[in-house]
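What follows is a single structure, written as C-alpha cells, with notes after it.
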Amino acid sequence: MKNIKRKKFKFFMIYILRFIFFIPIFSFTIVQSQSHWETAVYAEDIWSYFVGTNPPPDNWNQLNFDTSDWSAGQGGFGYADGDDNTVISNTLSVFFRKSFNVVALEEISSLAIHADYDDGFVVYINGTEVLRSANMGESGSQVTYDQTAETDHEAVMYQGGAPEAFVLHHNDFDGVLTAGDNVLAIEVHNVNTTSSDMSGLFYLSFELSDGVSYYGETPEWFYLPDEFSSSHLPIIVVNTNGQEIPNEDKITAHMGIIYNAPGEINYLSDPYNHYDGFIGIEIRGSSTTWFPKKQFAVETRDSLGENNNVPLFGMPEENDWIFNAPYTDKSLMRNVIIYKMARDAGKYATRSHYFELVIDGDYRGLYVMFEKIKRDDNRVNISKLEPEEISDDDITGGYIIKVDKWDGENIGGWYSEPPSDSYGGFYYQYHYPKPDEIVYDQQQYIMSYMESFEQTILSDDFANPETGYPSIIDWGSFIDFFIMQEITKNVDGYRLSSFLHKDKDSDDGRLVAGPIWDFNLGFGNADYYNGWDTQGWQVEADLPNDDFSIPYWWCTIWSDQSFRWSVQQRWNSLRNNFLSNASVNSLIDSLQSHIGEAADRNFERWPTLGQYVWPNYYIGQTYQDEIDYLRNWIINRMEWMDSELLSIQTEMCLIPEQFSMNPLYPNPFNRSVSIRYDIPLDSKIKLNVFNINGKHINTLFNGRTHAGTHSMSWNGLDKNGNIVSSGTYIVLLQANNFIYNQQENVNYIWDDYKETKKVILVK
C-alpha cells in the first residue's frame, strides 16, 4: 500500500543516567528509530536569481560563485499566475540557486527533488548536473540561456496538485554532495517567447538512515514515486523511455498490464500477463488538461507501429482506449455510474474498468479505462463510410457528429447559426469520419442533412408524426438520451461532448442520439448554472453569455407533448427497474467496495479531499462524505423527476379513450421497429412477436401498466437473444385482465382486447 508521508516531527529531550551515579545530562533530537525523510531546501526559501535576458556566467552553478550582482527573492519564480512568490518579466529562462548545509553526510542514503515547473528544467548540485526534464534534450548536453523546452509542461501546485518527485540513490550523488556547504542551482526554460506562463518551484529532501533530525519537516504533500507495490485492482505500467507525454501527437511507449484474476492481488513485481507491448500515448481532454492528474488517449500498437486490436479487461478487442482520470469527481465513479445506467437501458455506452497507473516509476493514482467512442461493430455500430462513397445510398451513412467546442480532439466541422436572437448558435464536429478523412461531398451531405433536420424543427408542424421530427429521429434513443442528461443534471449536457450518429438510409438511417459521454460535472458536481440543485430541467437551463448554447432543437423537442408523454412513460418503466432507489444504492455500494483501498492511495497521491477543485459545489472532508453526497443527490434528483413527470402526465390529460396500436415504424425495418400503443385504463398487457407461421418468437412485455400512450421497440432478436432471419412477423397486443375501481371498490372484468400488426424484417 502506498503511503504518502505526512510527518509532523516531534522534538523532545531524552535524559540518560548511567546506573545511579550523577552524570551530566546529554540531549539530542530523535524522530524515529528507522530511516526517514527530511527537507533541506524549500521552494519558499529565499534564493538568488537571474533572469535570462543574456547568458549567465559559466560558473553560475558552482559553490564559490559570487551572487552579489544577482537579485534575491522568495521562490517560486514566474509570471504571477497563482504559484509565484517572485514575479519576473517574460523570458525564455530564469536561473536561481540556494545554498544549504549538509550534516552527517554518511547518514544520507537517498535524496529526492520535487519539481513543479513550466516548462522545462535542469538541476545542478555543486556545478554537477543531477537531473533534467525530458523536454530539455539529452542528459549532460549543453543548455544555452535562450534554449526553449521541446514541449510545454504545466505547473500543478497552484491547482491543488503535488509536484513531480525524482529520487536519486547514493550512487547517483556520491562525490557530488559534500559535507558542509553545498549549492542547489536550477535553470527553468520556457517553451517559447510568447508563452503566457512560467513557473519554478523546487524542493530538496534527504532520506536519513538514523533517527536523528538534522533538517526540516517534509511538506504535507510529500510523497515518493516508488512506494506503490500492489493492488487488488489491475496495475498498468507505462514506460516512455524518458519522453515527455505531449498533448499531441502520440509518442511511442511500452505498456504492461498486471491482472492476475478478479479478486487476486496484483504485485508491481509480477510479470505483465494481460498486455505486454507497444502503445501510442498522449494527453487528452479540454479543460481537464489543466488538472495535475492527466487523462490519456492510448492506442495499442504492434512492433511496427501499426494498430493492434486487443481485448482488454473483457471488453471487445479494439486499439483505441481512454485512461480516464477522475480528479474533479472525488466520488471517482460519476461516469461509471451513468454509463452503466445507459447500458442497462439497452443503449450502447462505453464500457469501463478500474485500474491503478504507474508511469516511468511514478504512481499516478486510480484510473478508469474507457472505450473511446468510435465506429466499430462493438461500439457505435454503423456502416463504415469509405472516401469513395459519395452518391446514392452509399453517402447516407455512417456518420458520427458531436456538438462541442470548436477546439479539442476533432477540430473540424461547422457552425449552426441561431434561427433568431432568442437562441444561441452551436458547433458541430466531424467525429466519424475524422475531419482529415471525410471528403467534401460527405461533408456537404451531413451538413445538409442536419440543416434539413433543423428546418423541420423550426416548422409550424414540427411534431407531425409523419412529416415532422418524429419521422427523422430514432425516438427511443432521444428519450433515453434526455433521461440520462436530466438524471445527472449535467451542466455540459446537450451542448458539449454530445454525440449523434446516423447509419445509411438502407440500414434505418434515422438520426440517433448518443452515445452519452462526459459526466464528471454531473450529479451535483458543479457550482454554476445551478448544477448543484436537484430541481429544474437542465434542457431549460439559462446560460447567460455562454459561448456554448444548448441546441435550440432540444428545447423544441421537449415542448412536444408526445415527447414529454413518452419520457414520462419510459421514466416510470426505468424507475421500476434499475433506476429504483434500491438499485442505485446497490450500484454505488458495489462500486465503492470494488474501488476499496485504491481510493486511499489515490487521494494520498492527489490530496484533493477537503479542497476546492473547480467546479466543486460540495467539498467533503473524507471519501465517505463524497459518496454520501453523491448518493443523496441522485435519490433526491430522481424523486424530483418523479413528481415533475407525474405532473406532466396530469397536465397533459392524454389518457386514451380506447385500446389501440399505432402503425409500426419503420416498416420494413433493419435494426429496430418502434411499437406505440394506447391503454385507456391500468391494465395487464401482453406484447408478443410471432412469425408468419404462428411460432412464438419473443415476449416484449408482460405485466401491468398504467393508462396512457406507451412505446416499445423490437430489435429483431428472439427470446434467446439470437438474431432472427428476414421475413414477415406479427406483433400481437393483448389486454385481458380485470381493472380495480378504487372509488367503487369493485373489480371490472374487461373483454379481451387483441390487435395485431404485420412488420417486415429485412437484413
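Side notes on the structure shown:
- Scan of the range 501-518 for residues that are buried (at least 24 other Cβ atoms within 10 Å of the Cβ) and either among the hydrophobic types (A, V, I, L, M, F, W, C) or in a helix (DSSP H, G or I) (or both), ordered by number: VAL512, ALA513, ILE516
- 1 or more residues more than 30 Å from ALA707 (Cβ to Cβ): qualifying helices (runs of 4 or more DSSP H) within the range 542-601: 552-559, 581-595
- Taking the range 227-284 as the range and being among the hydroxyl-bearing types (Ser, Thr, Tyr) and part of a loop (DSSP other than H, G, I, E, B) as the test, the residues that pass are SER229, THR240, TYR259, SER269, TYR272.
- Some residue of the range 731-746 being modelled with pLDDT of 85 or more, of a type in the set (Asp, Glu) and out of contact with any Asp or Glu (no Cβ under 8 Å at 6 or more places or on another chain): no
- Search result, residues across the range 284-296 that are surrounded by fewer than 19 Cβ atoms within 10 Å (Cβ to Cβ) and in contact (Cβ under 8 Å) with a residue 12 or more places away in the chain: SER286, THR288, THR289, TRP290
- Scanning the range 177-214 for residues that are part of a loop (DSSP other than H, G, I, E, B) and under 19 Å from GLN74 (Cβ atoms) gives ASP197, MET198.
- Only one of the listed residues (GLN568, GLN538) is over 27 Å from the mean Cα position of the chain (by Cα) and either at pLDDT 95 or above or buried (at least 21 other Cβ atoms within 10 Å of the Cβ) (or both). That residue is GLN568.
- Among the candidates TYR612, TYR623, TYR677, TYR665, residue that is surrounded by 17 or more Cβ atoms within 10 Å (Cβ to Cβ) and either within 25 Å of TYR354 (Cα to Cα) or among the charged types (D, E, K, R) (or both): TYR623
- Residue count for the range 438-473, restricted to those that are touching a helix residue (DSSP H, G or I) at 6+ places or on another chain (Cβ under 7 Å) and of a type in the set (Gly, Ala, Ser): 2.
- Candidates ILE400, ILE395, ILE359, ILE322, filtered to the one that is surrounded by 16 or more Cβ atoms within 10 Å (Cβ to Cβ) and under 15 Å from the mean Cα position of the chain (by Cα): ILE322
- Failed condition for ASP492, given (1) crowded, with 23+ Cβ neighbours inside 10 Å; (2) not in a loop (DSSP other than H, G, I, E, B): (2)
- Number of positions in the range 126-176 that are assigned to a strand (DSSP E or B), among the hydrophobic types (A, V, I, L, M, F, W, C) and under 17 Å from VAL94 (Cα atoms): 1
- Positions within the range 369-414 being of a type in the set (Val, Ile, Thr), free of Cβ contacts under 8 Å to residues at least 60 places away in the same chain and part of a loop (DSSP other than H, G, I, E, B), in sequence order: ILE390, ILE411
- Of the residues making up the range 110-150, those that are among the β-branched types (Val, Ile, Thr), crowded, with 18+ Cβ neighbours inside 10 Å and out of contact with any His (no Cβ under 9 Å at 6 or more places or on another chain) are ILE113, VAL123, ILE125, VAL130.
- Set ILE655, ILE697: member being at pLDDT 80 or above and of a type in the set (A, V, I, L, M, F, W, C): ILE697
Per-residue answers, yes or no, for (1) surrounded by fewer than 20 Cβ atoms within 10 Å (Cβ to Cβ); (2) hydrophobic (A, V, I, L, M, F, W, C):
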site: HIS170; (1), (2): yes, no
site: PHE173; (1), (2): yes, yes
site: VAL176; (1), (2): yes, yes
site: GLY180; (1), (2): yes, no
site: TYR203; (1), (2): no, no
site: GLY211; (1), (2): yes, no
site: VAL238; (1), (2): no, yes
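Matching residues to (1) at pLDDT below 95; (2) aromatic (Phe, Trp, Tyr):
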residue: TYR272; (1), (2): no, yes
residue: SER287; (1), (2): yes, no
residue: PHE296; (1), (2): no, yes
residue: GLY305; (1), (2): yes, no
residue: GLU318; (1), (2): no, no
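- Residue within the range 408-416 that is of a type in the set (Asp, Glu), modelled with pLDDT under 90 and under 30 Å from ILE236 (Cβ atoms) present: yes
- Residue match in the range 623-631 (condition: over 24 Å from ASN530 (Cα atoms), among the acidic types (Asp, Glu), in contact (Cβ under 8 Å) with a residue 24 or more places away in the chain and touching a Lys or Arg at 6+ places or on another chain (Cβ under 7 Å)): no
- Within the range 658-694, if we keep just the residues that are basic (Lys, Arg) and at pLDDT below 85, the residue that is nearest to GLN569 (Cα to Cα) turns out to be ARG676.
The values are calculated or read from the model by the stated rules, or taken from the named source; none is laboratory data. Computed from a predicted model, the values in this text were never measured in an experiment. All Cβ positions, glycine included, derive from the backbone under ideal geometry; neighbour counts span all protein chains shown.
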